[in-house]
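One structure is given below, encoded as structure tokens.
The values are calculated or read from the model by the stated rules, or taken from the named source; none is laboratory data. Just so we're clear, the structure is a prediction, and the values are computed from it rather than from any experiment. For neighbour counting, all protein chains shown are included, and Cβ atoms are generated from backbone atoms with ideal geometry for every residue, glycine included. Quick note on the areas: whole protein, heavy atoms, side chains included, nothing else; ligands and nucleic acids left out. Shrake-Rupley method; radii C 1.70, N 1.55, O 1.52, S 1.80 Å.
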Amino acid sequence: MPDRIVQELTAIVGPDAILYKKEDLLAYECDGYTIHKGLSRAVVFPSTTEEVAAVVKYLHNKKIPFIPRGAGTGLSGGATPLGGEVIISLVRMKKLLHVDLENRLAVVQPGFVNLKLTHSISHKGYYYAPDPSSQYACTIGGNVAENAGGAHCLKYGVTTNHVLGLEVVLSDGKVVEIGGVPDAPGYDLVGLLTGSEGTLGIVTKIIVRILKNPEAKRTVLAYFDTVEAASYTVSDIIAAGIVPAALEMMDTVAIQGVEAGTYPVGHPPGIKALLLAEVDGIAAGIDEQVERIVGICEKRGVVDVKVARDEKERMRWWANRKTAFAAMGSISPDYLVQDGVIPRSRLPEVLAEIQTISERSGLRIANVFHAGDGNLHPLILFDARKPGEAELAVRVGSEVLKVCADVGGTITGEHGVGIEKKEEMRYVFSEEEIEAQIQIREVFNPENLLNPDKLFPTPGRCAEVKKGRQ
């Protein structure tokens, strides 16, 4: 029988909008970061902002922690319960509320799927730029929580560059609107909330920027016999004044994975690295940019370079790249994906160091990443059935992030911190800087009921508790 808390939540959202039996809750014990799992107290599925606010207000009054959740495609454990929280799933809030082509904006609910927005407006000649690899499933609310990026963020920016306004339910159930069009002067609260990983509020409505489709788009695929040559080519392209819409890279292990996956394209065996470069914009000048990219590749000793013959071939190449994470399941029972960021100029040495870490640990690492903006995604391949390998993979991931931080980079570009990288926050922030961030959270979430024990390392939490006892 449901307990009193479940009964009272049911009264708010209805009996068809709540799960509380253990067998149902198992589906919500983690997100895309599967190494850590936990059981929630219940999962509720509100359909309106008013229901979200009512649920939050009730949980706040009862001092019960709660976690907002989108599609569960996150890769850092941001939506993973640590034990006893109520999950507030926003997947039923999935409407496209308004499209304003004249002002190039759209208004969506948080459960609206990323790629569906582009599909909804493409016939009018518009699209939504942020394109994480999981865009066919991930929700825009989740993208806001993690400040998601994607292959084309090199030219167009990440989610925060495309969010104009938010409707937010705060930790006590109060509903506020921030930003909007026109944006009022003052603190950039939209920027603060975007990427806060569900620790400052629950987004219930989003105003996003939409863009006009480019006149032309061309894609180049280049193969190299060394990772170093491909890495230097990336810097050469940017140094030449070319800003591709996307500039992606895969190494040997990653190529093996995608060729064994659902969308193989016939990459030659034995290739050490490939680059996928795309340019778009006004039709005049596109061919010249492509020729310059091809010329730069040839100067770096490219094995082969080709330009997509038509849209069908271009889409095949992108399907091959965008399904890379899932394709690793074809060559490994388990994998852990990391998300470090480095200066482009340090690519050769960092990739060499990652290879050294791989050889020392005995775990293969597949590198597939947004080379243009230095956002690395090393996929650490392991077998959780072997004792100690999962723990080893976590340690290897931490080593990789330390390398990124040591060369002037950071620990996450788009996947977030969640529970996975909490301790690694010390690689890039001092204790004073972490404490300052905790103080900002306290303004919005003073009792730490909203997605608790995420984002900040344990000492920060201890310092917070100590402070509260004084």
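How do the helices (runs of 4 or more DSSP H) wholly within region 1-74 filter down when requiring 3 or more residues that are over 16 Å from Val169 (Cβ atoms), open to solvent by 40 Å² or more (accessible area, probe 1.4 Å) and among the charged types (D, E, K, R): which remain?
Counting at least 3 such residues, we get 22-25.
Condition test on Val394, is it outside the structural domain of Ala239 (by the TED database), outside any loop (DSSP other than H, G, I, E, B) and crowded, with 24+ Cβ neighbours inside 10 Å?
Against the criterion (outside the structural domain of Ala239 (by the TED database), outside any loop (DSSP other than H, G, I, E, B) and crowded, with 24+ Cβ neighbours inside 10 Å), Val394 does not qualify.
Does at least one position in region 222-229 carry a residue that is touching a helix residue (DSSP H, G or I) at 6+ places or on another chain (Cβ under 6 Å), within 22 Å of Pro343 (Cα to Cα), surrounded by 18 or more Cβ atoms within 10 Å (Cβ to Cβ) and among the charged types (D, E, K, R)?
Looking through region 222-229, none of the residues is touching a helix residue (DSSP H, G or I) at 6+ places or on another chain (Cβ under 6 Å), within 22 Å of Pro343 (Cα to Cα), surrounded by 18 or more Cβ atoms within 10 Å (Cβ to Cβ) and among the charged types (D, E, K, R).
Considering only region 244-260, I want to know if a residue exists there that is farther than 20 Å from Gly149 by Cβ, assigned to a loop (DSSP other than H, G, I, E, B), open to solvent by 20 Å² or more (accessible area, probe 1.4 Å) and among the small types (Gly, Ala, Ser).
Among the residues of region 244-260, not one is farther than 20 Å from Gly149 by Cβ, assigned to a loop (DSSP other than H, G, I, E, B), open to solvent by 20 Å² or more (accessible area, probe 1.4 Å) and among the small types (Gly, Ala, Ser), which makes the answer no.
All but one of (1) of a type in the set (A, V, I, L, M, F, W, C); (2) in a loop (DSSP other than H, G, I, E, B); (3) farther than 18 Å from Gly372 by Cβ hold for Phe325, so report the exception by its number.
In the conditions (1) of a type in the set (A, V, I, L, M, F, W, C); (2) in a loop (DSSP other than H, G, I, E, B); (3) farther than 18 Å from Gly372 by Cβ, Phe325 misses (2) alone.
Could you please find all residues in region 294-315 being touching a Phe, Trp or Tyr at 6+ places or on another chain (Cβ under 7 Å) and not β-branched (Val, Ile, Thr)?
Hits for region 294-315 are Arg300, Asp304, Ala308.
Given the conditions (1) aliphatic (A, V, I, L, M); (2) open to solvent by less than 10 Å² (accessible area, probe 1.4 Å); (3) in contact (Cβ under 8 Å) with a residue 40 or more places away in the chain; (4) in a strand (DSSP E or B), report the number of the one that Leu164 does not fulfil.
Leu164 satisfies every listed condition except (2).
Pick from Gly285, Gly241, Gly266, Gly195: which is surrounded by fewer than 24 Cβ atoms within 10 Å (Cβ to Cβ), over 22 Å from Ala308 (Cα atoms) and without any contact (Cβ under 8 Å) to a residue 40 or more places away in the chain?
The conditions single out Gly241.
Kindly list the number of the only condition in (1) part of a helix (DSSP H, G or I); (2) open to solvent by 50 Å² or more (accessible area, probe 1.4 Å) that fails for Arg385.
With (1) part of a helix (DSSP H, G or I); (2) open to solvent by 50 Å² or more (accessible area, probe 1.4 Å) applied to Arg385, the lone miss is (1).
Would you say Ser332 is within 28 Å of Gly241 (Cα to Cα) and either in contact (Cβ under 8 Å) with a residue 40 or more places away in the chain or not in a helix (DSSP H, G or I) (or both)?
no
Looking at Arg218, Arg209, which one is open to solvent by 40 Å² or more (accessible area, probe 1.4 Å), over 15 Å from Glu414 (Cβ atoms) and under 25 Å from the mean Cα position of the chain (by Cα)?
The conditions single out Arg209.
So Ile438 fits all but one of (1) more than 27 Å from Thr34 (Cα to Cα); (2) outside any loop (DSSP other than H, G, I, E, B); what number is the exception?
Evaluating Ile438 over (1) more than 27 Å from Thr34 (Cα to Cα); (2) outside any loop (DSSP other than H, G, I, E, B) leaves (1) as the failure.
Between a first residue in region 351-362 that is assigned by the TED database to the domain that holds Leu392 and open to solvent by 10 Å² or more (accessible area, probe 1.4 Å) and a second residue that is at pLDDT 95 or above and of a type in the set (S, T, N, Q), which pairs have beta carbons less than 7 Å apart while being 6 or more apart in sequence or on different chains?
As it stands, the answer is Leu351/Ser231; Leu351/Asn367, since those pairs meet every condition given.
Looking only at strands (runs of 3 or more DSSP E) that lie completely in region 172-240, which have at least 3 residues being closer than 30 Å to Gly281 by Cβ and in contact with a strand residue (DSSP E or B) (Cβ under 9 Å, 6 or more places away or on another chain)?
Result: 202-209, 216-224.
Just to be sure I understand, how many residues within region 285-307 are in a loop (DSSP other than H, G, I, E, B) and either modelled with pLDDT under 95 or under 19 Å from Arg321 (Cα atoms) (or both)?
Count: 1.
If you take the residues in region 398-435 that are touching a residue at least 60 places away in the same chain (Cβ under 8 Å) and in contact with a strand residue (DSSP E or B) (Cβ under 6 Å, 6 or more places away or on another chain), which one is least open to solvent (accessible area, probe 1.4 Å)?
Looking at residues that are touching a residue at least 60 places away in the same chain (Cβ under 8 Å) and in contact with a strand residue (DSSP E or B) (Cβ under 6 Å, 6 or more places away or on another chain), I get Val400.
Against the conditions (1) touching a helix residue (DSSP H, G or I) at 6+ places or on another chain (Cβ under 6 Å); (2) open to solvent by less than 30 Å² (accessible area, probe 1.4 Å), where does Ile331 fall short? Just the number, please.
Result: Ile331 fails condition (2) only.
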